1. I'm checking my understanding of the structure. Among residues of segment 33-61 that are among the small types (Gly, Ala, Ser), on the phi < 0 side of the Ramachandran plot and assigned to a helix (DSSP H, G or I), which one is modelled with the lowest pLDDT?
2. Can you tell me how many residues within segment 33-63 are of a type outside the set (Lys, Arg) and without any contact (Cβ under 8 Å) to a residue 12 or more places away in the chain?
3. Anything in segment 11-32 that is of a type in the set (Ser, Thr, Tyr) and either at pLDDT below 90 or within 17 Å of Tyr48 (Cβ to Cβ) (or both)? List them, or say none.
Amino acid sequence: MRRRRLTTFFLPMRVLSFMKATLEALIMGQVNCGEAYAGGYHTVNRRYVYAALHWCTNHHADICDTVRELMTFLGETVKADAR
């Protein structure tokens, strides 16, 4: 029983770590693929900015559901509507 509980606990942790890695890669792409301008200025790559915003918009509900699922393992109850 305990082994199954730990396995079901670590699956949402893996999902969150994959999501974090994806978002971190998009953010690093913004900085590293940017353009350098005269005078020492640097702009981020807009395509990566929009890709990160699009990814966050599409995965916001998944992140909230995963965090809510992890909170149930800690014995906390989280309402779906937190108003």
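The values are calculated or read from the model by the stated rules, or taken from the named source; none is laboratory data. All values reported here derive from a predicted model rather than from experimental measurement. Heads up, the Cβs are rebuilt from the backbone with ideal geometry, glycines too, and the neighbour counts pull from every protein chain shown.
1. Residue satisfying both the conditions and the ranking: Ala38.
2. So the count comes out to 17.
3. Once the filter is applied, which keeps residues that are of a type in the set (Ser, Thr, Tyr) and either at pLDDT below 90 or within 17 Å of Tyr48 (Cβ to Cβ) (or both), segment 11-32 yields only Thr22.
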